[in-house]
Amino acid sequence: MNVPGRRPLFKTPMCGPLSVLSLLFTRRTCARVLSTFVCCLVTVIRPWSRFGGPSAFLVLTLKELVFAVQENLAQQVEATILNVMGALIGIALSTLARYIASLCHDESVLSRAVPAMFLIFIAFIAGWAKSRLPRLVLSARISCFVSIWILTTDPGNSLKFLHFSTNFLWITLSAASICLLSSMLLLHWFSTHFAHEISATFTHLHECLSLSLEEAFGDSKNETTIIRKHNQILDKLLQEFIGLNLAYSEAAFELRVGRLSFKSIKPLISVVEHLRRELSWGGTMTELRTLNDRTVAPFKQPALDLGHAILESMDVVCKAVLASYEPPARVRRLLNAERDMIAAAQRQLVQARDVAREQLRRIFEELDLGDPAGQGQFKVSPELADCSLFMISLLQMSHEMRQALHVAQRIVNLHDASHTRLWYPRLSWAWLGIAPRSVMLDDRAPLTGDQDYLGADTHLSQAEVKQGMVETMSMGLDAECCAVPPTTSHSQEKLPLFRRLPSLIHGLWSSRLVLRGRLGVSRILSSIQHSSHLQHAIKNAIGVALLSLPAFFPVGSPVRNNHRISICIYCKGYLFIQTSLSIDQNTGTDLAYMQDKSVWAGCNDYGIVASVTLPPIVFSQYLDPSSTTVIHLAVLRGLMIGGGIIGALLVNTLIFPRHCRVLFLYCTTQALSLLSELYLILGRELFNRGHSFLLEDQRKNLKIEVQVRQTLHQLSVLLKTMNDELSLVPKPMRQYRRVISTLQSILDYMTGLRKVRENIPMKETVTSVAHERREFVSCVCITLYACEHTFRTRQPLPQFLPSARHALKVLVKQLEISLEGVRDTDRVALGLALVYSFAESEILKDMVNTLEDLLDICHALFGTAAWLTEEPQWPAVSVHEEKSDHGWYSTV
C-alpha cells in the first residue's frame with residue numbers, strides 16, 4: 001500500500017520480458033557488464049596483458065570476487081580503498097616470505113617451509129579479521145587470495161620472485177581502477193537508501209493500522225482475510241525493524257554527499273518499533289461483536305477520528321523524510337510546504353487525542369457495568385475489555401506519532417539551514433565491526449558471538465566462584481593453624497626446607513594476590529577457548545594449509561609437476577572454506593555477471609564458482625597450452641572444485657563444528673530466562689512505584705528488552721541456517737518457527753503491560769489485590785522456568801503445572817470486587833484509569849493464552865513426564881473446569 005501523493009517505494013513484481021529488461025538495464029548491471037568487458041580487453045590485448053604475466057586472467061577474477069560494482073559510488077570508493085590496502089598487505093607479506101626463502105638454498109626444505117609458514121600465518125590473520133571485523137571481509141579475502149598465488153608458485157625457487165609481486169600489483173590495481181571508473185560513469189553519486197527504508201516502513205505501518213480500523217469498525221464481511229493480511233504485515237514490520245537497525249549501522253558509516261546526517265532520523269527507528277508493538281498487543285479486536293452492540297458502538301467515532309489523525313501523521317512523516325534526504329539539486333528547494341503539513345498534522349493529532357480522551361471518560365462515566373443477568377454485580381464484558389485495549393493502543397500510537405512529527409519538524413528545519421557537504425566515516429573499531437551492504441552476512445546484528453553459547457555449561461556461576469573462594473581461604477587458614485601449633489612453633493621453624501615446602505606452596509597458592517591472578521587467567525583462557533573469531537581463524541588456517549600442501553612437495557612429485565594448474569585448487573579450496581566454513585558470511589557475488597542480487601541465497605556461491613572457474617578455461621592460452629587441452633583443463637577444474645568442497649566440508653565437520661540446532665535450543669533458553677527476569681522487574685516496578693531504585697530498574701528493563709530482541713534475531717538467523725542444511729534426521733522446523741513467534745508475542749505483551757501499568761490506579765488494582773498478583777506472577781515465572789528447563793535439558797515437561805489462567809481468573813474477580821466498591825462510592829472517581837485497568841486485564845489474558853501455546857510447543861517437541869496415562873476424571877467436573885477451578889494446567 002503506497003501513501004497517496006508520492007511515488008511508490010515498492011514496485012509491483014513484473015513477469016515475463018519486462019522483468020528481464022528491468023534487470024538488464026539497471027545502472028548497477030550496466031556498470032558490471034562494462035567493467036567485465038573492459039577487464040576482458042585488458043586481459044587479452046597487448047601490451048597490457050603481459051604486465052600481469054601468466055596470471056593476467058585474474059583481473060577478471062578479482063573484479064568479481066572483491067572489486068565488483070556496488071550500489072552507489074560512495075560504497076565503491078570505500079570498497080576500492082579497503083580492498084586495495086588488503087591486497088597490498090598480502091603482497092608485502094608474501095614478498096617478504098619469498099625474500100627470506102631466497103636466502104636459503106634453492107629447493108631446500110627451509111626454502112619451501114618459510115613460504116608455507118607465512119601462508120598459514122596470513123590465512124590465520126585473514127580468518128580472524130574476517131570474523132572479528134566484518135567490514136574487512138573482502139580485504140581479508142584478497143589478502144589471502146594473492147598470498148596463495150604468490151607463495152604457492154614455484155616455492156623454493158629464488159629466481160625472479162619479485163616478478164610475482166609486481167604482476168599481482170598490476171592485476172589488483174587494474175581490477176580496482178576499472179570497476180571504479182565504471183561506477184563513476186554509471187552509478188548514482190548520492191545514497192538515500194536509509195531514508196527510503198524508513199519511509200517504506202511507515203508506509204507498512206499505515207497499511208497495518210488501516211486494516212486494524214477496518215477490522216474493528218468496518219463493514220467488511222471478509223474478516224478472515226483482513227486478519228491474515230494484518231498478521232502478515234506485522235511479521236513484515238518485525239523484519240523491517242531489524243533491517244532498519246542494520247541499515248542505520250551501515251548508513252552511519254557511509255561515505256556520501258548530502259545536507260543532513262542520518263543520525264537526525266535515528267529516533268524514528270524506536271518510533272517504528274513502538275508502533276509495531278502497539279499494533280501487535282492492542283491493534284486487533286479479537287472478541288466476537290457487532291456494530292449494533294451497545295458496548296462497542298460508543299467507541300467507534302473516537303477511535304476512527306484518532307486513527308485517521310495517526311494515519312495522516314504517518315503520511316506527513318513519510319513525505320518530510322523523503323524531501324529532506326532527496327539527492328542534492330542545482331536549484332535549492334526550501335521545504336515550506338512540508339513544514340506547513342507537519343504543523344497541521346500536529347494540531348489535528350493533538351485535537352483528536354484530546355477529544356478521544358474526553359469521550360472515553362464520558363463513556364465510562366455513563367456506562368452501566370452491572371451484570372447483564374440483573375444481579376447488579378460489577379462485571380467487565382470481553383467486548384468492553386477489548387475496546388479498552390484498542391483505544392489505549394491508539395492513544396499510545398498518537399503519543400509516538402507526536403514524537404515522530406517532532407523529529408520530522410527538526411529535520412525539515414535543519415534541511416533549510418544546512419548546505420550540501422561530504423559525510424565521511426571516522427576510522428574506528430565500530431566502523432570496522434559493521435558489515436557493508438556489499439557483503440551480505442546472515443548474522444550482521446550487533447550480537448554476542450557463539451562463544452556465549454558454546455561451552456557455557458562448563459562455566460562456574462558467580463555463586464559457585466564465591467563459595468570456592470570462601471572455601472579456599474578457609475582451608476588456607478585451617479592449614480596454617482594446623483601446620484604451626486602454638487606449642488611447637490620453634491620446632492616447626494627448625495624443620496628442613498623440603499618438609500615445610502608443601503605447606504609453603506599451599507599457602508602461596510591460596511593467598512589473595514595469587515587467587516586474584518588465578519581468576520584473571522581463568523577468564524582470559526575461557527574467552528580464548530570459546531572465541532568464535534579464533535575458531536574461525538584456526539579453521540581458515542588449517543583449511544588453507546591442507547589444500548596448499550601439495551604445492552610445497554619436493555621437485556619431481558606428481559602433484560608438483562602440474563603446479564601451475566594446481567594453484568587453482570588451492571584458491572578454489574580457500575574460497576569454499578570461506579563460504580562453507582563461515583556459514584554466516586555470504587559474499588553476494590553475481591551469477592554470470594548479470595544478476596545484481598540473487599533471490600536465492602545459494603546462488604551467491606554459484607557466482608563464486610563461476611568467478612574462479614571460467615577465467616582459466618576461457619583464457620587457457622595463459623596456462624601453458626602445450627601441456628594440456630581445454631577439455632582436459634575443464635575436467636580437471638571440475639575435479640578440483642569437488643576436492644575443494646570435500647575439504648571444506650571435512651574441516652567444517654571435524655574442527656569446531658557449528659551445531660545450529662544446539663545453538664537454537666540454547667538461545668531459546670536465554671530468551672526465556674530474560675523474559676522471566678523482565679516480568680519480575682515489571683512486577684517489582686508495579687509494587688514499588690516511586691521508590692529510589694525505580695530508575696535503575698527501568699534502565700535494566702530496557703536493556704533486557706534489547707537483549708531479548710537480539711536473541712530473537714539470532715534465533716531467526718539460526719533457523720534460516722538450519723533450513724538450508726542437509727540433515728539425515730528431519731528437524732521440526734514448523735515448531736521451531738512457532739517458538740520464535742510465540743516468544744516475540746510474549747515480549748510484545750510485556751512491553752504493552754509496562755506502558756498500560758503507568759496509568760492504572762494503584763490502590764484499587766495493586767494494593768488491594770497484592771496477594772492475587774503475587775500468585776499470578778509466580779504462575780507465569782514457573783511456566784517460563786519450566787519451558788526454559790525443558791529447552792536447556794531437552795527433558796519432558798511435568799504433567800501438571802500451576803495454571804496461570806486460574807490465577808488470572810482469581811485476580812480479575814478480585815479486581816472487579818475492588819473496582820465495584822469504588823464505583824459505588826463515587827461513579828466518576830477513577831476516570832480514564834478504569835480504561836487502563838480493563839486494558840491490563842485484556843493484555844494479561846492474551847499473555848496467558850500465549851504461555852499455554854508455548855507449553856503446547858514444549859510438549860510437542862520434548863513430550864511430557866506423565867504419572868497419569870490419561871486425563872483425570874474429577875467428579876462432576878469437566879477437563880476445562882478442572883484447569884480453571886483447581887489451579888493446575890495439564891501439559892498432556
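Figures for the structure shown
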read-out: So E816, is it in contact (Cβ under 8 Å) with a residue 60 or more places away in the chain, part of a helix (DSSP H, G or I) and touching a Ser or Thr at 6+ places or on another chain (Cβ under 8 Å); value: no
read-out: Flag for A87 being outside any helix (DSSP H, G or I) and within 35 Å of the chain's Cα centre (by Cα); value: no
read-out: For L58: the one exception among (1) under 28 Å from E326 (Cα atoms); (2) at pLDDT 80 or above; value: (1)
read-out: Any hit, the stretch 846-853, residues being modelled with pLDDT under 95, out of contact with any Asp or Glu (no Cβ under 9 Å at 6 or more places or on another chain) and outside any helix (DSSP H, G or I); value: no
read-out: Qualifying positions in the stretch 313-331 - buried (at least 18 other Cβ atoms within 10 Å of the Cβ) and either without any contact (Cβ under 8 Å) to a residue 12 or more places away in the chain or assigned to a helix (DSSP H, G or I) (or both); value: S313, M314, D315, V316, V317, C318, K319, A320, V321, L322, A323, S324
read-out: Where F838 falls short, out of the listed (1) at pLDDT below 90; (2) out of contact with any helix residue (DSSP H, G or I) (no Cβ under 7 Å at 6 or more places or on another chain); value: (2)
read-out: Those helices (runs of 4 or more DSSP H) lying entirely in the stretch 332-440 with at least 2 residues at pLDDT 95 or above and within 30 Å of R754 (Cβ to Cβ); value: 336-366, 382-417
read-out: Identity of the residue in the stretch 698-732, charged (D, E, K, R) and part of a loop (DSSP other than H, G, I, E, B), that ends up nearest to the chain's Cα centre (by Cα); value: E725
read-out: Residues that are modelled with pLDDT under 80 and part of a helix (DSSP H, G or I), drawn from the stretch 520-531; value: R523, I524, L525, S526, S527, I528, Q529
read-out: From E64, E107, residue being touching a Gly at 6+ places or on another chain (Cβ under 6 Å), over 16 Å from I148 (Cα atoms) and at pLDDT below 85; value: E107
read-out: Qualifying residue in the stretch 746-769 (condition: part of a helix (DSSP H, G or I) and under 18 Å from the mean Cα position of the chain (by Cα)); value: yes
read-out: V146 being aliphatic (A, V, I, L, M), closer than 15 Å to A176 by Cβ, in contact with a helix residue (DSSP H, G or I) (Cβ under 6 Å, 6 or more places away or on another chain) and not in a helix (DSSP H, G or I); value: no
read-out: Within the stretch 64-83, tally of residues that are over 12 Å from E254 (Cβ atoms) and assigned to a loop (DSSP other than H, G, I, E, B); value: 4
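Matching residues to (1) in contact with a helix residue (DSSP H, G or I) (Cβ under 7 Å, 6 or more places away or on another chain); (2) closer than 28 Å to I122 by Cα:
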residue	(1), (2)
V38	yes, no
L58	yes, yes
V66	yes, yes
Q70	yes, yes
I81	no, yes
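Residue by residue, here is whether (1) at pLDDT 90 or above; (2) within 39 Å of the chain's Cα centre (by Cα) holds:
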| site | (1), (2) |
| --- | --- |
| E278 | yes, yes |
| L288 | no, yes |
| R294 | no, no |
| L306 | yes, yes |
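Every residue, every condition in (1) crowded, with 19+ Cβ neighbours inside 10 Å; (2) more than 24 Å from I392 (Cα to Cα), yes or no:
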position: L205; (1), (2): yes, no
position: I227; (1), (2): no, no
position: L244; (1), (2): yes, yes
position: E278; (1), (2): yes, no
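The values are calculated or read from the model by the stated rules, or taken from the named source; none is laboratory data. Computed from a predicted structure; not experimentally measured. When we count neighbours, we look across all protein chains shown, and the Cβ atoms used for this are built from the backbone with ideal geometry, even at glycine.
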